[in-house]
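Structure first, then comments.
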């Protein structure tokens, strides 16, 4: 349980940093930074909790999450002008956040006794939805959907690893989940790892 | 009850096909196809279930829906490069999905004993929201909002037909709902049927 | 309680007007106007009610809200072509709607006995999320996020005022909330009031 809370806090903090970085790209004021940071940091977990009818939603029961996300936004508001390349930092922070949010989602869903397909989906939702909301609201091209990036796939593989290890009765399932997710996502960011993507035939009729 | 489950499965399968087609336009990998297919196929019904506090949400209680949506994504991943005009296929599949999702939403809302204005809204939400999420996330112009298309209106008319027939004690209300919805939407796609749209005066002040 | 219901109805009516105005910019038909009007008018409060597990959601328990939003859409459908500058009207109506929606959200959250950080967030969600959904769905640049506008900040300050006055045992907390929110937002619209925004260094590496 304590591990789950720590994972939730870590993912909130790091996702809030990414949200605030995107807010800096949109040139918002401090309250705008906090708004986007909270949306990003709490969005995925909130959706997870509403779907599995967890009451109360995690940050309503423990408003410390709001404080952490707001603090992260404040840090970025002060520090972002010093960054050489905000986009690069954003990519790496987002990868870290994904790698803690997926096990956080998997852990909550396992704790709620859900079947493995639902656990898988909850891991992916917790990991991917906050960043997706951030990008849709801020009019960025969603990282989740960049052609050829390993992103949802990393969340999928990590959640699958956790489910397999849990079914096999192994400990450290959530740790392995984080490691697998981070390794795949980081490989995509650093070395350009790719899955085969859909490649259309050359068009003949002018319509896509 | 069996009819409702069949409607839900059919709408999930067909909406998943449309989601995967949009994913193919965004050149995602296979997991990305599955992600967008599930978002499209399950989004509307999930919102409906969360709004009327149905517990559990339909695909959490029956993960077979996830399997159907994933299978549909796989089919499109393999088959889409063979299509002459993906956009045309997308339009027609989306019309079919709308025509099964609206009665599915109406049926669930009637079964929950809600008042007719809420039943009407639930039919429209179940029919329109999945496709709207798909288009917003994938940065397409939402089909729901294309100027002059009959889309929300088709869902509205279909849901209204079902409510009227149910109030009149007629059987086949859901079937009529599907028929009305499909007829109006198909008429718009095939023959360019239109409702009068809002037409502004020629601008005088340069601002819209 | 009566005050809360009146606030909810007023915010629904005014937000519906703004939604219909945005629909007029997208040249939708009448049902499209009603759809966007309802999304805008009911979106923020619906999210609030789902988050705090209020059952039923306000407009499901009282479908009169749907009627009000639809009527507002109809009024705009008829009247919008007569407007000189729809964007200006939209800005001012949106400011009014914000100023009634924030106290409506704060009032419900206080009534549910939530802690003050959550009350603050519920006020901001109820005020900002409906307009955000409207702008995201209709592909407008979200008003919430326009660089340098006081928007989320106005909601934040209004909610904070209400919480402080309630804690101090003062009456009229919700009225003060509306006044503070409107004053700040209107100052931004009319006089260009600004908070200091994030200002990046001149780029050196070509990446933002």
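The values are calculated or read from the model by the stated rules, or taken from the named source; none is laboratory data. Note that the structure is a prediction, hence the values are computed from the model and not measured. No Cβ is skipped: glycine too gets one built from the backbone with ideal geometry, and neighbour counts run over all protein chains shown.
Residue C:108 passes all but one of (1) within 14 Å of chain A (Cβ to nearest Cβ); (2) in contact with a helix residue (DSSP H, G or I) (Cβ under 6 Å, 6 or more places away or on another chain); (3) crowded, with 23+ Cβ neighbours inside 10 Å; which number fails?
(2)
Checking the conditions here, which among C:20, C:6, C:13, C:41 is more than 14 Å from chain B (Cβ to nearest Cβ), in a helix (DSSP H, G or I), more than 20 Å from residue A:39 (Cβ to Cβ) and at pLDDT 90 or above?
C:13
Which residues, counting only those in region A:94-120, are free of Cβ contacts under 8 Å to residues at least 24 places away in the same chain and either under 13 Å from the mean Cα position of the chain (by Cα) or not in a helix (DSSP H, G or I) (or both)?
Result: A:113, A:115.
Residue-wise test of (1) on the phi > 0 side of the Ramachandran plot; (2) in contact with a helix residue (DSSP H, G or I) (Cβ under 7 Å, 6 or more places away or on another chain); (3) at pLDDT 80 or above; (4) not in a helix (DSSP H, G or I).
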| residue | (1), (2), (3), (4) |
| --- | --- |
| C:136 | no, yes, yes, no |
| C:166 | no, yes, yes, no |
| C:169 | yes, no, yes, yes |
| C:187 | no, no, yes, no |
| C:202 | no, no, no, yes |
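Out of the residues in region A:58-87 meeting the condition of being facing chain C (nearest Cβ under 7 Å), farther than 15 Å from residue A:37 by Cα and modelled with pLDDT under 90, tell me which one is surrounded by the fewest Cβ atoms within 10 Å (Cβ to Cβ).
Within region A:58-87, the match that is surrounded by the fewest Cβ atoms within 10 Å (Cβ to Cβ) is A:84.
Quick check on my filter: what residues within region A:44-57 are on the phi < 0 side of the Ramachandran plot and either free of Cβ contacts under 8 Å to residues at least 60 places away in the same chain or facing chain C (nearest Cβ under 8 Å) (or both)?
Passing the criteria: A:46, A:49, A:50, A:54, A:55, A:56, A:57.
Which numbered condition trips up residue B:126, out of (1) over 22 Å from residue C:137 (Cβ atoms); (2) part of a helix (DSSP H, G or I)?
(1)
Given the conditions (1) surrounded by fewer than 24 Cβ atoms within 10 Å (Cβ to Cβ); (2) in a helix (DSSP H, G or I), report the number of the one that residue A:27 does not fulfil.
Among (1) surrounded by fewer than 24 Cβ atoms within 10 Å (Cβ to Cβ); (2) in a helix (DSSP H, G or I), the lone unmet condition for residue A:27 is (2).
Facing chain C (nearest Cβ under 9 Å) and more than 15 Å from the chain's Cα centre (by Cα): which single residue out of B:175, B:165, B:145, B:195 fits that description?
After ruling out the rest, the residue left standing is B:195.
With the structure loaded, tell me whether residue C:74 is in contact with a helix residue (DSSP H, G or I) (Cβ under 8 Å, 6 or more places away or on another chain) and farther than 29 Å from residue A:57 by Cβ or whether it fails that test.
Values: in contact with a helix residue (DSSP H, G or I) (Cβ under 8 Å, 6 or more places away or on another chain): yes; farther than 29 Å from residue A:57 by Cβ: yes.
It is true that residue C:74 is in contact with a helix residue (DSSP H, G or I) (Cβ under 8 Å, 6 or more places away or on another chain) and farther than 29 Å from residue A:57 by Cβ.
Can you tell me which of (1) at pLDDT 85 or above; (2) more than 8 Å from chain C (Cβ to nearest Cβ) is the one residue B:140 doesn't meet?
Condition not satisfied by residue B:140: (1).
With respect to residue B:91, determine if the residue is surrounded by fewer than 23 Cβ atoms within 10 Å (Cβ to Cβ), assigned to a helix (DSSP H, G or I), within 13 Å of another protein chain (Cβ to nearest Cβ) and touching a residue at least 60 places away in the same chain (Cβ under 8 Å).
Numbers: surrounded by fewer than 23 Cβ atoms within 10 Å (Cβ to Cβ): yes; assigned to a helix (DSSP H, G or I): yes; within 13 Å of another protein chain (Cβ to nearest Cβ): yes; touching a residue at least 60 places away in the same chain (Cβ under 8 Å): yes.
Against the criterion (surrounded by fewer than 23 Cβ atoms within 10 Å (Cβ to Cβ), assigned to a helix (DSSP H, G or I), within 13 Å of another protein chain (Cβ to nearest Cβ) and touching a residue at least 60 places away in the same chain (Cβ under 8 Å)), residue B:91 qualifies.
Within region C:143-164, track down each residue that is in a helix (DSSP H, G or I) and touching a residue at least 24 places away in the same chain (Cβ under 8 Å).
Matches in region C:143-164: C:143, C:152, C:153, C:154, C:155, C:156, C:157, C:158, C:159, C:160, C:162, C:163.
May I ask you to list the residues in region A:29-54 that are over 17 Å from residue A:104 (Cα atoms) and out of contact with any helix residue (DSSP H, G or I) (no Cβ under 6 Å at 6 or more places or on another chain)?
Listed by number, the list holds a single entry, A:29.
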